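The values are calculated or read from the model by the stated rules, or taken from the named source; none is laboratory data. Quantities reported herein were computed from a predicted structural model and do not represent experimental measurements. Counting neighbours? That spans all protein chains shown, and the Cβs are built from the backbone with ideal geometry, glycine included.
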Amino acid sequence: MAAGPVSTPAAAAAPGRAGCGHLPAPPASISRTVSLPAGSRSRRALSQPTSSPYSFYPTPPFFLPLRPEASHRGCMRSTVYWIFAAGLELAAWGGATTAQAQQTTLRGTVADSATGRPLSGVHVRVLNHAGGTTADELGHFQLGTLPAGTYTVRAGGLGYATRNQTVTLLAGQPATVALRLPTAPLALAEVTVAQPRDPNQTLAVISHIDKLLRPVNSAQDLLPLVPGLVIAQHAGGGKAEQIFIRGFDVDHGTDFNVSIDGLPVNMVSHAHGQGYADFHFVIPETVDQLRVYKGPYTARFGDFATAGAGEFTTKTRLEQSQVKVELGQFATRRAVALVNLLPVNGHLLGTGPENAYVAAEYSFTNAYFDAKQHFRRFNGLAKYTGQLSDRTSLMLLASRFNSRWDASGQVPERAIREGLISRFGSIDPTEGGSTGRTNATAVLTTDLPHAAVLRQQVYYSRYDFNLFSNFTFFLRNPVDGDQIRQTDGRHIYGYTGTYERSFQLGSRTLRTTAGLGTRLDDIDVALRNSVRRTVTDTIVTGRVYEQNLNGYLDATLSLTDRLTLNAALRADYFRFRFREDRVDSLSGRAGKARVSPKLNLYYDVTPAVQLFVRSGFGFHSNDARAVVTNPAGNVLPRAIGYEVGSTFKPVPALVVNTALWALHLQDELVYVGDEGVVESAGRTRRYGLDVAARYQLTRSLFADVDLNFNHGRLVGEPRTANRIPLAPTFTSVGGLTLRRPGGLSASLRYRHIDSRPANEDNSVRARGYFLLDAVVSYTRRRFQVGATVENLLNVAWNQAQFDTTTRLRNEAVPVQELHFTPGTPFYAKLNASVLF
């Protein structure tokens with residue numbers, strides 16, 4: 001309901017970010033006035049200094065030397081200088097177009113009116129003006145430069161009521177405003193499809209709806225929140241999942257870039273495969289947002305972002321503290337605790353808004369295999385975010401993860417057919433392993449003169465991996481078997497910095513971002529033979545040093561009120577060094593650069609229809625061990641992608657995203673783990689159609705469906721041998737979700753992947769499946785209870801599948817056939833939570 005004007009001191013708000021966008025009309029509004037006395041400066045959380053537009057530029061990231069040869073040092077310095085100089089030139093050029101003296105900047109924050117929790121992703125716009133923005137992860141927003149006058153600012157988001165606030169601006173007097181939104185039932189009719197702050201995030205609306213509605217019960221449920229992504233597990237729950245998206249068998253992450261809170265998840269030159277992305281160190285209850293970018297069209301993503309990228313962020317503040325307990329079949333048990341450390345408006349390091357919480361998780365299960373898996377995992381997390389001063393905010397995060405398990409491995413169809421083992425049996429029950437990861441990161445965000453924002457992040461990770469596997473049984477060693485041990489121990493050091501600034505080009509807004517980054521991996525990696533987890537000899541062992549230096553320039557220009565152009569250029573330089581502990585001929589060093597341009601167009605036909613055309617170059621890196629032994633090979637195979645599509649609302653309660661896409665890959669790299677080598681599968685070509693739809697059937701009932709059609713082929717191979725092994729041809733997920741106002745929630749969901757070739761000539765097929773899962777929960781102010789059932793119909797299905805040549809004990813000759821990890825049978829869990 002409407003309210004009368006209320007004077008709001010400017011100091012009550014905090015700094016924001018730049019962007020533009022719009023929202024539909026709200027059902028209700030609240031109006032308040034911010035008045036600035038003539039001739040005075042606003043007492044705002046972030047004052048506007050009077051320094052020269054050239055008085056501050058970001059400093060380059062730290063450089064971690066790898067003792068290269070002199071020529072490499074010179075190349076590195078030149079590369080860093082070129083990238084940094086380009087960023088300065090952009091900033092200097094923009095400085096010449098500073099905001100006109102008769103205009104001013106409006107910044108502010110958006111938070112939950114009941115809990116004070118900052119709200120990210122909320123749309124903020126000025127009524128009757130083109131453009132707008134969305135709030136960042138700290139709830140900050142910035143509405144560019146505006147002439148003096150009185151304006152109505154509108155804010156709203158999914159799950160929150162839309163509110164208006166009247167603001168009076170005086171010439172040259174920057175102002176801030178604090179917006180507080182009450183919760184409201186989810187209403188898709190109020191959704192707009194454009195993403196003014198980040199137009200490349202064409203799936204933002206879909207992802208936000210999914211995060212609010214889709215049940216997440218474990219870390220394995222987080223990645224499938226990416227529309228069109230399907231996973232498979234094949235090592236007792238301890239390894240990273242196998243990922244399928246856009247016609248790719250990504251393996252464990254080779255072509256999909258994953259990060260959380262700016263921390264990279266993918267591992268370069270990993271013992272078990274290039275781009276290995278183990279996401280199990282994330283506690284699912286702490287995840288707040290997911291941003292999805294399909295294709296190689298976004299400049300801030302480099303290595304592995306060929307099929308796309310997924311950015312996760314953890315919560316700034318918990319809605320409520322809670323303790324949760326889960327019990328299920330197969331001796332499954334899980335306990336979670338999440339506790340806010342500061343009350344609303346509490347303080348720890350500064351005088352502005354601050355939040356801090358800790359979270360811990362313990363899991364155990366024997367799983368459904370004949371041999372108990374003894375899987376156990378511990379996760380711990382601590383996070384702080386706060387406004388340290390008028391101009392600076394800080395985020396600190398530390399986490400620890402460790403896991404240990406036994407595994408039954410993949411089983412051959414003939415062993416089950418001949419009655420040697422059951423479907424849930426094992427040829428080598430001594431497989432398994434352990435892994436752990438420690439993370440620490442700090443993000444410092446500083447608001448600079450002329451509405452610029454500098455964001456700097458440093459991070460460190462310590463990672464350990466120890467895996468026993470047996471893919472071929474008794475093929476190479478008929479007596480003791482073919483078990484191998486893969487180990488990976490590494491330190492990861494990194495820095496990323498971005499400088500954001502908006503400029504007015506006449507009546508048009510140009511938003512620019514200059515980014516710089518570096519990442520160093522210092523790795524001890526080894527592959528050894530073993531018998532029942534006892535090492536017998538060494539195949540490969542050595543030390544990898546791999547560093548990536550990168551920079552990019554990204555510009556988004558509003559050509560008209562409806563047409564937006566995004567153009568970007570990214571440069572990456574990699575240095576590889578491998579020192580084999582025993583064989584000097586396998587040691588060496590190499591370097592390689594890659595430049596990746598991007599060009600995207602977005603046209604807002606109406607607030608309910610957006611069209612887009614996107615194109616870009618990307619790449620995935622090769623394993624350092626392969627690079628140094630063959631530096632003339634494909635070190636950084638290039639990907640070229642393009643797509644056309646639309647996000648639209650044919651009716652108010654239905655949101656649809658479609659994209660017709662194509663991707664050409666210079667070299668399909670396959671890591672052969674049992675040999676410690678990378679094989680080239682040659683050039684590939686893929687194209688497909690993605691459809692994602694979200695529909696609100698009634699006030700409480702929602703439906704969703706994803707349909708993904710993919711066609712992929714090896715280029716230059718005969719038609720009888722040009723299939724891409726395990727590349728999905730059709731996948732689909734969907735379901736119904738009930739959200740009652742009284743606290744009752746329920747969901748019935750399906751997962752489907754079609755049968756597909758398991759080898760190049762399609763003589764072996766990986767079998768498809770269709771599964772149903774169900775979730776129900778009941779929530780009150782102080783407690784929550786629920787139940788989850790996976791594979792409701794108890795379907796016998798294959799999870800991970802491979803065409804492999806193996807020999808069983810006492811077999812005279814090896815056999816090539818389908819090997820698989822059986823999928824979960826009917827599996828029920830109960831959970832209860834206390835909220836406080």
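Conditions (1) under 26 Å from residue 230 (Cβ atoms); (2) touching a helix residue (DSSP H, G or I) at 6+ places or on another chain (Cβ under 6 Å); (3) of a type in the set (Ser, Thr, Tyr); (4) touching a residue at least 40 places away in the same chain (Cβ under 8 Å), marked per residue:
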| position | (1), (2), (3), (4) |
| --- | --- |
| 249 | yes, no, no, yes |
| 266 | yes, no, no, no |
| 285 | yes, no, no, yes |
| 302 | yes, no, no, yes |
| 323 | no, no, no, yes |
| 332 | yes, no, yes, yes |
| 337 | no, no, no, no |
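Taken together, the criteria exclude residue 721 from residues that are surrounded by 16 or more Cβ atoms within 10 Å (Cβ to Cβ) and modelled with pLDDT of 95 or more. Candidates are the residues of segment 472-489 that are touching a Phe, Trp or Tyr at 6+ places or on another chain (Cβ under 8 Å) and under 21 Å from residue 672 (Cβ atoms); the one that is surrounded by the fewest Cβ atoms within 10 Å (Cβ to Cβ) is 487. Taking the conditions exactly as written (exposed (fewer than 15 other Cβ atoms within 10 Å of the Cβ) and closer than 28 Å to residue 483 by Cα), does residue 537 satisfy them or not? When the stated conditions are applied, residue 537 passes them. Scanning segment 600-627 for residues that are part of a loop (DSSP other than H, G, I, E, B) and buried (at least 17 other Cβ atoms within 10 Å of the Cβ), we see that the one that is farthest from the chain's Cα centre (by Cα) is 608. Which one of 790, 817 is in contact (Cβ under 8 Å) with a residue 60 or more places away in the chain and of a type in the set (D, E, K, R)? Going through 790, 817 in turn, just one is in contact (Cβ under 8 Å) with a residue 60 or more places away in the chain and of a type in the set (D, E, K, R): 817. Looking at 786, 735, 823, 768, just one residue is touching a Leu at 6+ places or on another chain (Cβ under 6 Å) and surrounded by 15 or more Cβ atoms within 10 Å (Cβ to Cβ), and that residue is 735. For segment 648-694, enumerate the residues that are modelled with pLDDT under 95 and outside any loop (DSSP other than H, G, I, E, B). Hits for segment 648-694 are 669, 670, 671, 672, 677, 678, 679, 680. Being without any contact (Cβ under 8 Å) to a residue 40 or more places away in the chain, buried (at least 23 other Cβ atoms within 10 Å of the Cβ) and within 13 Å of the chain's Cα centre (by Cα) is a property that does not hold for residue 309. Among the residues of segment 333-364, those identified as surrounded by 19 or more Cβ atoms within 10 Å (Cβ to Cβ) and assigned to a strand (DSSP E or B) are 334, 336, 338, 340, 354, 355, 356, 357, 359, 361, 363.
Looking only at residues that are among the basic types (Lys, Arg) and within 23 Å of the chain's Cα centre (by Cα) in segment 656-705, which one is surrounded by the most Cβ atoms within 10 Å (Cβ to Cβ)? Checked segment 656-705; the qualifying residue surrounded by the most Cβ atoms within 10 Å (Cβ to Cβ) is 694. Considering segment 365-389, and only residues there that are more than 17 Å from residue 313 (Cα to Cα) and of a type in the set (Phe, Trp, Tyr), the residue that is surrounded by the fewest Cβ atoms within 10 Å (Cβ to Cβ) turns out to be 378. A count restricted to segment 132-158 and to residues that are buried (at least 19 other Cβ atoms within 10 Å of the Cβ), of a type in the set (Gly, Ala, Ser) and outside any strand (DSSP E or B) stands at 3.
Matching residues to (1) surrounded by 23 or more Cβ atoms within 10 Å (Cβ to Cβ); (2) part of a strand (DSSP E or B):
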| site | (1), (2) |
| --- | --- |
| 171 | no, no |
| 177 | yes, yes |
| 180 | no, yes |
| 185 | no, no |
| 194 | yes, no |
